[in-house]
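A quick write-up on the structure given underneath.
The values are calculated or read from the model by the stated rules, or taken from the named source; none is laboratory data. No experiment lies behind these values; they were computed from the predicted model shown. Quick reminder, even Gly has a Cβ in these numbers, built from the backbone with ideal geometry, and neighbours come from all protein chains shown.
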Amino acid sequence: MSKPTKQQVLTAANLELFDRLKRSLPDADEDHDVAVDAFIDAETLIDAYLDAVDARSSQLPAGPDLALACAHVLVATQAMTQADLDILSRLNAPALGAPLYECAPQVADMKRRALAALELMATAAPSPAPSQDDAPF
């Protein structure tokens with residue numbers, strides 16, 4: 001049996017990442033609080049990674065965990081690009097030895113774009129109409 005090619009490893013990593021993402025993403029329509037908590041957890045892991053890289057710490061999250069966290073915030077805010085997918089596939093393929101320290105600028109950019117998209121989503125959301133129960137009389 002031949003050794004899988006780099007492209008085959010990346011394709012398998014990509015499929016596995018989206019399978020994990022599908023299983024881990026809560027349905028925001030069903031439970032908004034759970035979806036918010038999951039987003040915050042993903043953002044926290046990304047922040048821990050960026051802080052560890054800045055400190056040149058060896059205590060980095062695993063590549064697949066970082067890939068899932070980044071995918072989570074990008075998908076939740078509809079900010080995913082093909083370039084992101086390429087990086088996330090490499091992070092999710094530990095057999096390829098993705099250089100975690102070298103991915104920091106791209107990961108920081110993913111987080112920045114996801115938060116900007118989240119802000120746009122929040123400002124574009126319609127304000128809820130006051131209910132009749134809220135009438136001051």
Next on the checklist: Would you confirm, using the coordinates I've provided, whether ALA28 is aliphatic (A, V, I, L, M) and modelled with pLDDT under 90?
Outcome noted: yes
Checklist entry - How about the stretch 8-57: which of its residues are charged (D, E, K, R) and under 15 Å from the mean Cα position of the chain (by Cα)? => result GLU16, ASP19, ARG20, LYS22, ARG23, ASP37, ASP41, GLU43, ASP47
Checklist outcome for this item: Of (1) buried (at least 18 other Cβ atoms within 10 Å of the Cβ); (2) on the phi > 0 side of the Ramachandran plot, TYR49 fails just (2)
Checklist entry - Looking at this structure, is VAL34 more than 17 Å from PRO94 (Cβ to Cβ) and among the β-branched types (Val, Ile, Thr)? => result yes
Checklist outcome for this item: Counting only residues that are of a type in the set (Gly, Ala, Ser), over 25 Å from GLN7 (Cα atoms) and surrounded by fewer than 14 Cβ atoms within 10 Å (Cβ to Cβ), the stretch 97-118 contains a total of 1
